[in-house]
Amino acid sequence: MDRLLIFDTTLRDGEQSPGFSMNREEKLQLARQIEDLGADIIEAGFPIASPGDLEATRAVAAALKRARVAALARARQEDVEAALRGLEPAAKPRLHLFLATSDLHLKYKLRTTREQALDQIAKMVRFGKQNCDEVEFSAEDASRTDIDYLCQVVLAAVESGASIINLPDTVGYSTPDDYGEMFRNVRARLGSHRHVILSAHCHDDLGLALANSLAAIDAGVRQIECTINGIGERAGNASLEELVVALHVRKDRFKVETNIKLELLYPTSRMLTKITNISVPPNKAVVGANAFAHEAGIHQDGILKNPLTYEIIDPGKVGVPARKLVLGKHSGRNAYRARLADLGFETTDAELAECYRLATAQADAEKEITDRDLIGIIHKVRRTPSASPAGSPANAR
């Protein structure tokens, strides 16, 4: 089974999103956690952005020993020099260079020509390779770049010393079929450069970041750039936890494996939300509050009989403490019986029927029945003679 490299850019692309800025100590704390999680490459920052980002990049580079540390730089001399200063303490450094390649960006943002951009890429990759053993080049807005020109860019970067080529869907524009085909075309044009690792970096503007990342894997990509909780510019990046769980659950389909320790996914997600004070939506896959919560009676009944009926992975496998059966108006009798038993109350059929009637009536107004509510309901039922057959014991353990 092929190995897929996980390139985590939570500290760089993720931190660029509004509200997610982190100081040096917060970056260090999270970087160590992501290294423990098993990420192969951790992008520590964009050193030219500020003195603080340079300092934080150096701190992360000095602290991490197993994971490779990357620093981002535009294909400009001063950027590359700043990134190299940030990487000086790293045991395993990677210089990550980028330049936009779509005609839209070349004309309106960079105000340069295709030929000038090619020269700039080759020059900066050569300079970077002279000072860092491992260089990655990213063609910003690759998914909107003319494919023939994109192949010229990739060959120029590879022939100048880049061993990893990242082709981002920078604005979340691509569809899975288009994105996969782009990588197949580029791989075919690389010819004898079989050693080059192709990488994908997807944004979620159309909600396709994960689908596009999986399509890239199908097309032979063996590095995926992603973030914890899917944070990042605008709608965010491909979510690391969604990606690796999809690959685990459907390993029969994708046939790749990662170094990620699944049981650390939820704790890592929680650490990020604590640092940034921004929670994930409750319906967020894998780490959301409702990812392993069940309210519908049919679902609860299935879960109680066999969790595989409605859960494709055990919550403990990804570090979630326990699944949750939410009691509300959609819940069935079996869920109420199970929760009462967990609370220490074995019920008769008559008691359960009355508890169910009272609880669902209350749930219409209050949406969710808490443990405290349920205990109050069972005590109320047992104080009503009609709820228990004559002579039956109280049954509270």
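The values are calculated or read from the model by the stated rules, or taken from the named source; none is laboratory data. It should be emphasised that the depicted structure is a prediction, and the values quoted were computed from it without experimental measurement. A quick note on method: Cβ atoms are made from the backbone with ideal geometry, for glycine too, and the neighbour counts reach across all protein chains shown. What goes into the accessible areas is simple: the full protein's heavy atoms, side chains included, and nothing from ligands, DNA or RNA. Shrake-Rupley method; radii C 1.70, N 1.55, O 1.52, S 1.80 Å.
Do you know which residues across the range 260-279 are assigned to a loop (DSSP other than H, G, I, E, B) and open to solvent by 30 Å² or more (accessible area, probe 1.4 Å)?
If the condition is that a residue be assigned to a loop (DSSP other than H, G, I, E, B) and open to solvent by 30 Å² or more (accessible area, probe 1.4 Å), then LYS261, ASN277, ILE278, SER279 are the ones that fit.
For (1) open to solvent by 10 Å² or more (accessible area, probe 1.4 Å); (2) touching a residue at least 40 places away in the same chain (Cβ under 8 Å), each residue gets a yes or a no:
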| residue | (1), (2) |
| --- | --- |
| THR10 | no, yes |
| GLY38 | no, yes |
| ILE41 | no, yes |
| ALA59 | yes, no |
| ARG66 | yes, no |
| VAL69 | no, no |
| ALA75 | no, yes |
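For a quick check of your reading of the model, give me the residue pairs whose first member lies in the range 110-131 and is within 16 Å of ILE164 (Cα to Cα), whose second is among the polar types (S, T, N, Q) and outside any helix (DSSP H, G or I), with beta-carbon atoms closer than 8 Å and at least 6 apart or on different chains.
ILE121/SER160; ALA122/SER160; VAL125/SER160; ARG126/SER160; LYS129/SER160
Could you please give the count of residues in the range 203-230 that are on the phi < 0 side of the Ramachandran plot and in a loop (DSSP other than H, G, I, E, B)?
So the answer is 7.
From the list ALA157, ALA142, ALA122, exactly one residue is surrounded by 22 or more Cβ atoms within 10 Å (Cβ to Cβ), over 13 Å from PHE183 (Cα atoms) and small (Gly, Ala, Ser). Which is it?
Being surrounded by 22 or more Cβ atoms within 10 Å (Cβ to Cβ), over 13 Å from PHE183 (Cα atoms) and small (Gly, Ala, Ser) holds for just one of ALA157, ALA142, ALA122, which is ALA157.
Conditions (1) at pLDDT below 90; (2) surrounded by 16 or more Cβ atoms within 10 Å (Cβ to Cβ); (3) not aromatic (Phe, Trp, Tyr), marked per residue:
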| residue | (1), (2), (3) |
| --- | --- |
| TYR310 | no, yes, no |
| ARG333 | no, yes, yes |
| ALA353 | no, no, yes |
| ALA361 | no, no, yes |
| ASP371 | no, no, yes |
| LEU374 | no, yes, yes |
| ILE377 | no, yes, yes |
| ALA387 | yes, yes, yes |
| ASN395 | yes, no, yes |
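Could you give me the residue pairs with C-beta distances under 6 Å whose first residue belongs to the range 150-166 and is assigned to a helix (DSSP H, G or I), whose second residue is open to solvent by 10 Å² or more (accessible area, probe 1.4 Å) wherever it lies, and which are 6+ apart or on separate chains?
What qualifies is CYS151/ARG189; ALA156/LEU118; ALA156/ALA122; VAL158/HIS193.
Given (1) modelled with pLDDT of 95 or more; (2) open to solvent by less than 20 Å² (accessible area, probe 1.4 Å); (3) not small (Gly, Ala, Ser), identify the lone condition not met by HIS294.
(1)
Condition first: open to solvent by less than 50 Å² (accessible area, probe 1.4 Å), part of a loop (DSSP other than H, G, I, E, B) and closer than 23 Å to PHE20 by Cα. Now tell me which residues in the range 231-259 satisfy that.
Within the range 231-259, ILE231, GLY232, GLY236, ALA238 meet the criteria.
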